[in-house]
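Enquirer: One structure is given below, represented as structure tokens, and several questions about it will come after.
The values are calculated or read from the model by the stated rules, or taken from the named source; none is laboratory data. No experiment lies behind these values; they were computed from the predicted model shown. All Cβ positions, glycine included, derive from the backbone under ideal geometry; neighbour counts span all protein chains shown.
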Amino acid sequence: MTRAPNATGDSGPSGGQPDAAPPHDSIGVTGVTKQFGAVQALTDVTLDFPGGQVTALMGENGAGKSTLLKILTGDHQPTEGHVVVAGERTELDSPARARAAGIRIIPQEPEIIPHISVAENVYAGSLPRKRGRLLDRQELRRRIVADLARLGFADALDPDLPGHQLTSAQRQLVEIMRALTGDTAARLIAFDEPTSSLSEHEVEALFALIRRLRDQGIAIVYVSHRMQEIFQLADRIAVLRDGGLVGVQQASTTNEGELVRLMVGRDLSTMFVRQRTATDRLVLDVKNLTTDDVQNISLQVRAGEVVGLAGLIGAGRSELALALAGDQPVRSGTVTLDGKPLRSGHPGEVIQAGLGLAPEERKAQALFLQQSVRDNTSLVVLDRLRRFRFVRRAAERELAQHYADRLRVRTPSINHEVRKLSGGNQQKVVLARWLARKPKVLILDEPTRGIDVGAKAEIYQIIADLAKEGVALLVISSELPELLGLADRVVVMQGGRITGELSHDEATEESILALAMADDIGRTSNSGATS
């Protein structure tokens, strides 16, 4: 097997024979190269996905994972090389051909038609008809009931529920049903970041389903940046870097450090090392804050301090962040910044006072995806860039370029549309916006969600640099190792209340989870959440 050259001296991929075609019971690619103009997205990749195994596909954003999946699903055709199905070279020149070959993909963001039922969503494109073009609702009902029972989804999905009422987990189940129904049996199913918006219980249910599909002999491709999930689920792990396959490891014989080295070409064991820079100067002071979603919240953040905010999904962390940013009405309590009270429901005044929020849903809540890196960066500092009524474009370009360089935003230019950037670079643009504003307090809600490990390390360094500069940081994260590595203190929420606080030395995954899952949230007073 030929790999993309690298300077790290990696040994060749393990877990398969070099330059060998995929075995007869698998689907795979042989010698696949893909170019988009001058950009080479894949280079001579040979990789098989055996039936009855879960193959995790890992790599930084831009490593070629999405391109490889799109070649398997017929959305792209390789520049060189070919797809192999059951030992035979197969031309997948359209998604329909790929589906006929038994290849399915469950996208990260399921494509649900909002105003039709679950049943109609599942069979969209192949709805049963009678008397010409009329929908055969009786046959549709028979099919959906039978398939729900066969797949074990009868208790999870109401076939009559409209698409717009589905939860994230239910939307994924609809996509899975699409993959597992139809005239052609599924031979390979690819899951692209499937757990990014699921609760812990929903993740467990998804993993049980994936294992059941694996045990039925289906080849599973699992794409995720979450190491814990990979080692829970995968039989083997394939790593792409810069468009080349750099390793295939058995999950039982490798470790996180080795995978990171393969992914980024260097050791990131020191990614969380930073000096503790907290000072005594109180910047953010929240007292007895109550909204429709959180109750009696009191916490403090000092200059140069990183306070982690932990809790399970639904604990109220994001709702608290929105309330602090002025985006949700406050029923009682106070928020002061540098001793000055902030008014509820006035986000513009909050920004002017020096508080910034990078929300969890960066695409929906933070970025103008059709606009450029420059436009997104300058958004909250236009008042500083105006002369009379006009924005000084040269100053705007200089500012955007400065922060793009500082944060190492990988973009062809600052005029490039943000929607075309990777998730990590999109997050850097959000951070660039707030750095340009020079905030006193910065709230980061899931700052590394959906970001590869290399970009995570860069985000962590940005957080450390901001703390060193005296910014007070409140970091919300569902990844406990991330909070343990970043935070000076961890405040834990459950059911819209604070259940406790842990110092850096006291905080462990077990102690955080104990507070996050506390049965009696009243037994821990909020008074312990400030120091």
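Enquirer: Only one of these conditions is not met by Ile189: (1) β-branched (Val, Ile, Thr); (2) out of contact with any Lys or Arg (no Cβ under 6 Å at 6 or more places or on another chain); (3) modelled with pLDDT of 80 or more. Which number is it?
Expert: (2)
Enquirer: Could you say whether any residue in segment 293-312 is within 22 Å of the chain's Cα centre (by Cα) and surrounded by fewer than 22 Cβ atoms within 10 Å (Cβ to Cβ)?
Expert: Looking for residues that are within 22 Å of the chain's Cα centre (by Cα) and surrounded by fewer than 22 Cβ atoms within 10 Å (Cβ to Cβ), one finds at least one in segment 293-312, hence yes.
Enquirer: With small (Gly, Ala, Ser) and part of a loop (DSSP other than H, G, I, E, B) as the only criterion, which of Ala156, Ala146, Ala96, Ala119 stands out? Walk me through how you get there before you give the answer.
Expert: Details: Ala146 fails: part of a loop (DSSP other than H, G, I, E, B); Ala96 fails: part of a loop (DSSP other than H, G, I, E, B); Ala119 fails: part of a loop (DSSP other than H, G, I, E, B).
None of the other options fit; the residue is Ala156.
Enquirer: Further question on the same structure: Quick one: count up the residues across segment 56-93 that are within 29 Å of the chain's Cα centre (by Cα) and either hydroxyl-bearing (Ser, Thr, Tyr) or not in a loop (DSSP other than H, G, I, E, B) (or both).
Expert: Residues flagged as within 29 Å of the chain's Cα centre (by Cα) and either hydroxyl-bearing (Ser, Thr, Tyr) or not in a loop (DSSP other than H, G, I, E, B) (or both) within segment 56-93 amount to 13.
Enquirer: On to the next question. Filter segment 282-320 for residues that are assigned to a loop (DSSP other than H, G, I, E, B) and either among the acidic types (Asp, Glu) or not assigned by TED's automatic domain parsing to the domain that holds Val335 (or both); which is nearest to Asp488 (Cα to Cα)? Show your work before the answer.
Expert: First, pick out the residues of segment 282-320 that are assigned to a loop (DSSP other than H, G, I, E, B): 291-296, 303-305, 311-316.
Keeping just the survivors that are either among the acidic types (Asp, Glu) or not assigned by TED's automatic domain parsing to the domain that holds Val335 (or both) gives 292-293, 305.
Working: Asp292: 29, Asp293: 26, Glu305: 6 Å.
Among residues in segment 282-320 that are assigned to a loop (DSSP other than H, G, I, E, B) and either among the acidic types (Asp, Glu) or not assigned by TED's automatic domain parsing to the domain that holds Val335 (or both), the one nearest to Asp488 (Cα to Cα) is Glu305.
Enquirer: Out of segment 388-418, which residues are farther than 20 Å from Glu458 by Cα, of a type in the set (D, E, K, R) and touching a helix residue (DSSP H, G or I) at 6+ places or on another chain (Cβ under 9 Å)?
Expert: Taking segment 388-418 first, the residues farther than 20 Å from Glu458 by Cα are 388-399, 415-417.
Okay, now just the ones that are also of a type in the set (D, E, K, R), so 389, 392-393, 396-398, 417.
Within segment 388-418, Arg392, Arg393, Glu396, Arg397, Glu417 meet the criteria.
Here's the yes/no breakdown for (1) of a type outside the set (D, E, K, R); (2) outside the structural domain of Asp445 (by TED's automatic domain parsing); (3) surrounded by 20 or more Cβ atoms within 10 Å (Cβ to Cβ); (4) closer than 25 Å to Ala353 by Cα:
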position: Asp383; (1), (2), (3), (4): no, yes, no, yes
position: Leu399; (1), (2), (3), (4): yes, yes, yes, yes
position: Tyr403; (1), (2), (3), (4): yes, yes, yes, yes
position: Arg408; (1), (2), (3), (4): no, yes, no, no
position: His416; (1), (2), (3), (4): yes, yes, no, no
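Enquirer: So for segment 269-281 (the condition being in contact (Cβ under 8 Å) with a residue 24 or more places away in the chain, assigned to a helix (DSSP H, G or I) and not hydrophobic (A, V, I, L, M, F, W, C)), does at least one residue qualify?
Expert: There is no residue in segment 269-281 that is in contact (Cβ under 8 Å) with a residue 24 or more places away in the chain, assigned to a helix (DSSP H, G or I) and not hydrophobic (A, V, I, L, M, F, W, C).
Enquirer: Another question, if that's okay. Name the residues in segment 329-368 that are at positive phi, among the small types (Gly, Ala, Ser) and not in a strand (DSSP E or B), would you?
Expert: Passing the criteria: Gly339, Gly345, Gly354.
Enquirer: Now a separate question. Taking segment 284-306 as the search range and keeping residues that are over 16 Å from Gly356 (Cα atoms) and among the charged types (D, E, K, R), which one is modelled with the highest pLDDT?
Expert: Here the answer is Lys287.
Condition check ((1) modelled with pLDDT of 90 or more; (2) outside the structural domain of Gly326 (by TED's automatic domain parsing); (3) buried (at least 20 other Cβ atoms within 10 Å of the Cβ); (4) under 24 Å from Ala400 (Cα atoms)) across all residues:
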{"residue": "Val430", "(1), (2), (3), (4)": "yes, yes, yes, yes"}
{"residue": "Ile451", "(1), (2), (3), (4)": "no, no, yes, yes"}
{"residue": "Gly454", "(1), (2), (3), (4)": "no, no, yes, yes"}
{"residue": "Ile459", "(1), (2), (3), (4)": "no, no, yes, yes"}
{"residue": "Leu466", "(1), (2), (3), (4)": "yes, no, yes, yes"}
{"residue": "Glu469", "(1), (2), (3), (4)": "yes, no, no, yes"}
{"residue": "Leu483", "(1), (2), (3), (4)": "yes, no, yes, no"}
{"residue": "Val490", "(1), (2), (3), (4)": "yes, no, yes, no"}
{"residue": "Leu502", "(1), (2), (3), (4)": "yes, no, yes, no"}
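Enquirer: While we're here: Name the residues in segment 473-500 that are small (Gly, Ala, Ser), farther than 14 Å from Met517 by Cβ and either in a strand (DSSP E or B) or in contact with a His (Cβ under 7 Å, 6 or more places away or on another chain) (or both), would you?
Expert: Of everything in segment 473-500, just one residue is small (Gly, Ala, Ser), farther than 14 Å from Met517 by Cβ and either in a strand (DSSP E or B) or in contact with a His (Cβ under 7 Å, 6 or more places away or on another chain) (or both), namely Ala487.
Enquirer: Among the residues of segment 107-148, which ones are loosely packed, with under 14 Cβ neighbours inside 10 Å and either among the small types (Gly, Ala, Ser) or touching a Ser or Thr at 6+ places or on another chain (Cβ under 8 Å) (or both)?
Expert: Within segment 107-148, Gly125, Ser126, Gly132, Ala146 meet the criteria.
Enquirer: Could I ask something else about it? Output the qualifying pairs, or none if there are none: Cβ atoms under 7 angstrom, residues six or more apart or on different chains, first residue in segment 450-463 and closer than 20 Å to Lys438 by Cβ, second residue among the polar types (S, T, N, Q) and in a helix (DSSP H, G or I).
Expert: Ile459/Gln427
Enquirer: With the structure loaded, tell me whether Thr33 is modelled with pLDDT of 90 or more and either surrounded by fewer than 19 Cβ atoms within 10 Å (Cβ to Cβ) or touching a Lys or Arg at 6+ places or on another chain (Cβ under 6 Å) (or both) or whether it fails that test.
Expert: Details: modelled with pLDDT of 90 or more: yes; either surrounded by fewer than 19 Cβ atoms within 10 Å (Cβ to Cβ) or touching a Lys or Arg at 6+ places or on another chain (Cβ under 6 Å) (or both): yes.
Yes; evaluated as a whole, the condition is true for this residue.
Enquirer: Of all residues in segment 325-335, which are closer than 14 Å to Ser298 by Cα and either surrounded by 16 or more Cβ atoms within 10 Å (Cβ to Cβ) or not assigned by TED's automatic domain parsing to the domain that holds Glu349 (or both)?
Expert: Once the filter is applied, which keeps residues that are closer than 14 Å to Ser298 by Cα and either surrounded by 16 or more Cβ atoms within 10 Å (Cβ to Cβ) or not assigned by TED's automatic domain parsing to the domain that holds Glu349 (or both), segment 325-335 yields Val330, Gly333, Val335.
Enquirer: Return the pair list, or none, for Cβ contacts closer than 9 Å from residues in segment 185-196 that are more than 17 Å from Thr167 (Cβ to Cβ) to residues that are of a type in the set (Phe, Trp, Tyr), at least 6 apart or on different chains.
Expert: Leu188/Phe49; Ala190/Phe49; Ala190/Tyr222; Phe191/Tyr222; Asp192/Tyr222
Enquirer: While we're on this one: Mind listing whichever residues of segment 346-388 are of a type in the set (Asp, Glu) and under 29 Å from Thr334 (Cβ atoms)? Give the derivation first.
Expert: Initial filter on segment 346-388 (of a type in the set (Asp, Glu)): 349, 360-361, 375, 383.
Within segment 346-388, Glu349, Glu360, Glu361, Asp383 meet the criteria.
Enquirer: Within segment 69-88, count every residue that is over 15 Å from Thr33 (Cα atoms) and in contact (Cβ under 8 Å) with a residue 40 or more places away in the chain.
Expert: Number of matching residues: 4.
Enquirer: Let me ask something else about it. Looking at (1) surrounded by 20 or more Cβ atoms within 10 Å (Cβ to Cβ); (2) free of Cβ contacts under 8 Å to residues at least 60 places away in the same chain; (3) not small (Gly, Ala, Ser), find the lone condition where Gln165 falls short.
Expert: In the conditions (1) surrounded by 20 or more Cβ atoms within 10 Å (Cβ to Cβ); (2) free of Cβ contacts under 8 Å to residues at least 60 places away in the same chain; (3) not small (Gly, Ala, Ser), Gln165 misses (1) alone.
Enquirer: Mind checking which residues of segment 463-484 are under 23 Å from Gly257 (Cβ atoms) and over 19 Å from the mean Cα position of the chain (by Cα)?
Expert: Of all residues in segment 463-484, those under 23 Å from Gly257 (Cβ atoms) come to 463-464, 477-484.
Result: Ala464, Leu484.
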